[in-house]
Amino acid sequence: GGNVVIPAFAVGRSQELLYWFADYFEAWNLAPWRIFLDSPMAAKVTAVYDRHEDLFDDEARSVWRGRIKPFALPNLRVTASVDDSKAINRIRGGAIVIAGSGMANAGRVRHHLRNNLANPHAHVVFVGYQADGTLGRLLVNAVKRVRLFGGDITVRAQLHTIGRLPA
């Protein structure tokens with residue numbers, strides 16, 4: 001009933017997530033979800049990755065040859081403008097939002113967290129290291145309230161940490 005927010009680094013981790021989404025698209029039943037890559041830098045880096053398929057290892061090439069291409073998922077929307085990013089926050093359920101920054105200390109992900117952290121049906125998935133002193137670390141440490149954009153938010157969303165993505 002809620003959204004999934006994934007704070008992710010624009011270089012490497014965002015592309016890796018899309019790779020896994022393509023590889024497990026059917027097994028994870030991702031078709032009904034609206035997937036957003038909400039990071040201008042991640043969008044630019046993704047375009048660079050996509051142009052250099054010849055540099056991928058054999059396993060990655062096999063995924064690229066698959067039915068679903070990682071950077072062309074049928075339900076993937078890459079948001080470029082601030083207005084497109086803001087529009088995501090009107091979605092109350094069924095969205096997976098990959099947004100920068102990876103430690104949730106800056107970037108568009110903070111807006112998505114502000115709009116989802118109080119929802120007990122929402123999920124926040126941390127897929128990278130969270131340094132001390134960052135919003136990401138506070139959330140991983142299960143704080144009950146955070147302050148974002150001058151307002152206090154009670155954390156009711158379900159929080160998940162993936163220490164290591166599948167290899």
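Scan segment 25-75 for residues that are free of Cβ contacts under 8 Å to residues at least 40 places away in the same chain and not in a helix (DSSP H, G or I) and jot them down. Within segment 25-75, E26, A27, W28, N29, H52, F56, D57, R65, R67 meet the criteria. In this structure, does A95 turn out to be surrounded by fewer than 18 Cβ atoms within 10 Å (Cβ to Cβ), closer than 17 Å to I6 by Cα and of a type in the set (A, V, I, L, M, F, W, C)? It is false that A95 is surrounded by fewer than 18 Cβ atoms within 10 Å (Cβ to Cβ), closer than 17 Å to I6 by Cα and of a type in the set (A, V, I, L, M, F, W, C). Scan (1) more than 20 Å from F36 (Cβ to Cβ); (2) open to solvent by 20 Å² or more (accessible area, probe 1.4 Å); (3) at pLDDT 90 or above; (4) among the hydroxyl-bearing types (S, T, Y) for the single condition Y129 breaks and write down its number. Unmet for Y129, out of (1) more than 20 Å from F36 (Cβ to Cβ); (2) open to solvent by 20 Å² or more (accessible area, probe 1.4 Å); (3) at pLDDT 90 or above; (4) among the hydroxyl-bearing types (S, T, Y): (3).
Restricting attention to segment 108-152, the residues that are over 18 Å from I91 (Cβ atoms) and aliphatic (A, V, I, L, M) add up to 10.
Checking each residue in segment 1-58 for being open to solvent by 80 Å² or more (accessible area, probe 1.4 Å) and within 17 Å of G107 (Cβ to Cβ) picks out F9, V11, M41, K44. When segment 76-103 is filtered for residues that are touching a residue at least 60 places away in the same chain (Cβ under 8 Å), more than 11 Å from the chain's Cα centre (by Cα) and closer than 18 Å to G12 by Cβ, only M103 remains.
The values are calculated or read from the model by the stated rules, or taken from the named source; none is laboratory data. Everything quoted here is computed from the prediction, not taken from an experiment. Methodologically, a virtual Cβ is constructed for each residue, glycine included, from the backbone with ideal geometry; neighbour enumeration extends over all protein chains shown. The accessibility values were calculated without ligands, DNA or RNA, using every heavy atom of the protein model including side chains. Shrake-Rupley method; radii C 1.70, N 1.55, O 1.52, S 1.80 Å.
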